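Take a look at the structure below.
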Amino acid sequence: MSVDTATVAKIASLARIKVTDSDLEAMVPELNGILAWVEQLGEVDVTGIEPMTAVIPNTLRLRDDVVNADPLTGGGIRDQVLANAPAAEHGFFGVPKVIE
């Protein structure tokens, strides 16, 4: 695939970038070089290679999802909190329906 001056001008217009005519001429070979490099990457044989999300192995540190029952540090006091709510429904704060 190759691009010409009109294609570069269209891309600049879509990106809302003001580009002079001399800059358009300079960008044509640069973009063609980039596209040639991308096409060259498509020729690499990657059969049997798993996709990577990072170059180093990452593992998430997980913890147990436990409600802290100590009222001083939070948790375990849902009924006390909901007692302050103007409307409580099914153990949650009730809010009015908003439809626009």
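The figures follow:
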{"read-out": "Answer label for mean projected area of the Cα convex hull in nm² (calculated), chosen among [x] 6.8; [y] 6.5; [z] 16.5", "value": "[z]"}
{"read-out": "Amide proton proximity set for Val3, modelled H, under 5 Å, gap of 5+", "value": "Asn32"}
{"read-out": "Within the chain: Cβ-based charge dipole about Cα centre, in debye rounded to nearest 20 (Lys, Arg +1; Asp, Glu -1)", "value": "520"}
{"read-out": "Cleavage-rule hits, trypsin sites (Lys or Arg not before Pro), the stretch 9-89, DSSP coil, Cβ neighbours within 10 Å at most 12", "value": "Arg16, Lys18, Arg61, Arg63"}
{"read-out": "Phe92-Ile49 pseudo-label distance in nm [points 7 Å out on the Cα-to-Cβ vector]", "value": "4.6"}
{"read-out": "Cα lying deepest toward the dipole's positive end in the chain, options Ala83, Ala26, Phe93, charges on Cβ", "value": "Ala83"}
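A short reminder: the numbers here are calculations on the coordinates, not readings from a lab. Quick caveat: nothing in here was measured; it's all calculated off a predicted structure. We place every Cβ from the backbone using ideal geometry, glycine too, and count neighbours over all the protein chains shown.
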